[in-house]
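What follows is one structure encoded as structure tokens, with my remarks underneath.
The values are calculated or read from the model by the stated rules, or taken from the named source; none is laboratory data. What you are looking at is a predicted structure, and each value in this text was computed from that prediction instead of being measured. Glycine also receives a Cβ, built like all others from the backbone with ideal geometry; neighbour counts cover every protein chain displayed.
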Amino acid sequence: MSTAIRIDCPVWCCDSARHSVDDVMTSTDGRIIIGHSGPQFGPWSAGSDTDISTGKTVELSVAFDEVVLKERGYFISEPDVLRRIASEALAAAEWLEANR
Ligand SMILES: [Zn+2]
């Protein structure tokens, strides 16, 4: 069972009520961080990390989540699917600009 911890999350964090010590990890450059999950834009997942030692949010980003794509049964060989993903990428880009 995980121990709940109190983290000051960005307002858009979808995990704010359920962060636990299991969410704490070490970044590739050795910082101790906790990840925040933001909104989904189709297969695009927004999020960021907070550096535990400084309390600062770092690396606000949007990542392509292939699992979501497969769960929806999307096949990129279909032009309409590619148009939908492009539209969702545009929405993700606008969210990223608005939250920097
Ligand atoms: Zn959070």
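For the stretch 53-82, taking the residues that are surrounded by 15 or more Cβ atoms within 10 Å (Cβ to Cβ) and within 18 Å of Cys9 (Cβ to Cβ), the one that is modelled with the lowest pLDDT is identified as Thr57. Meeting the requirement of 3 or more residues that are away from the ligand (no atom under 12 Å from the Cβ) and either of a type in the set (S, T, N, Q) or under 17 Å from the mean Cα position of the chain (by Cα) (or both), the strands (runs of 3 or more DSSP E) wholly within the chain are 32-41, 44-51, 57-64.
Taken over the stretch 7-23, residues that are of a type in the set (D, E, K, R) and loosely packed, with under 15 Cβ neighbours inside 10 Å amount to 3.
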